[in-house]
Amino acid sequence: MTHTRPIPPQAARQLEALLPDLRRVARYLTRDAEAADDLVQDIVLRLWGRMADPGQDPIDELRHYAFSALRNRIRDRGARLAAEAWLMPVSSDSDAGAALQPASAPEAPARLACAETLAALDDLTPDQAELLRLRAVEGLSYAEMARRLRVSEGTVTSRLSRARAALRKRLDLAPDAPVTFLID
């Protein structure tokens, strides 16, 4: 008999509230609505299973964890598709069989989105770009960023907010769209 722990209603509501953002990000990165919905469903099922598993530690920051899981799944999917496309059978005029030859890698929307994001990040002021990298790439907390930059947490919060707004504007995203997932 498999034992599960009850999922706190607050965690279930948080996960449900993340769905629109997860879908929007997945669609942006994959450029394929159906594939994006499949990825989001997979992520939600995995998160739900983890939250119900008494052997797993609780997830402290559900939003961060969910977006990290989504990015990892998209990377895995992109790597698998590129590997499958690398060697494709090429039929010959005879029925003697198909030869294998290197094929062009399929268009990689996630890679293009990543390149677009990095270019937009480079267009930001150096201070804004540094803040976004500290948060998204290094995963520093606001307190850690404040200590490193020798400013108050309030200053980090306001500067990071302006940096995110500038990145959204350069990428033509909605004003409330999450952006740090694009950099990680």
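Miscellaneous remarks
- When residues of the range 1-35 are limited to those that are assigned to a helix (DSSP H, G or I) and among the β-branched types (V, I, T), the one nearest to the chain's Cα centre (by Cα): V25
- Across the range 1-57, the qualifying residues are those that are small (G, A, S) and touching a helix residue (DSSP H, G or I) at 6+ places or on another chain (Cβ under 7 Å), and the one among them that is nearest to A174 (Cα to Cα) is A26.
- Condition met for R23 (out of contact with any strand residue (DSSP E or B) (no Cβ under 8 Å at 6 or more places or on another chain), of a type outside the set (A, V, I, L, M, F, W, C), modelled with pLDDT of 70 or more and not assigned by TED's automatic domain parsing to the domain that holds L173): yes
- Checking M88, M51 one by one, the residue that is modelled with pLDDT under 85, surrounded by 11 or more Cβ atoms within 10 Å (Cβ to Cβ), in contact with a strand residue (DSSP E or B) (Cβ under 9 Å, 6 or more places away or on another chain) and not in a loop (DSSP other than H, G, I, E, B) is M88 and no other.
- Any hit, the range 123-136, residues being assigned to a loop (DSSP other than H, G, I, E, B) and of a type in the set (D, E): no
- For the range 18-40, the set of residues classified as of a type in the set (K, R) and without any contact (Cβ under 8 Å) to a residue 24 or more places away in the chain consists of R23, R27, listed by residue number.
- Criterion: modelled with pLDDT of 70 or more, hydrophobic (A, V, I, L, M, F, W, C) and surrounded by fewer than 18 Cβ atoms within 10 Å (Cβ to Cβ) - qualifying residue of A165, A98, A105, A115: A165
The values are calculated or read from the model by the stated rules, or taken from the named source; none is laboratory data. Bear in mind that the values here come from a model prediction, so they are computed numbers and not experimental data. Counting neighbours? That spans all protein chains shown, and the Cβs are built from the backbone with ideal geometry, glycine included.
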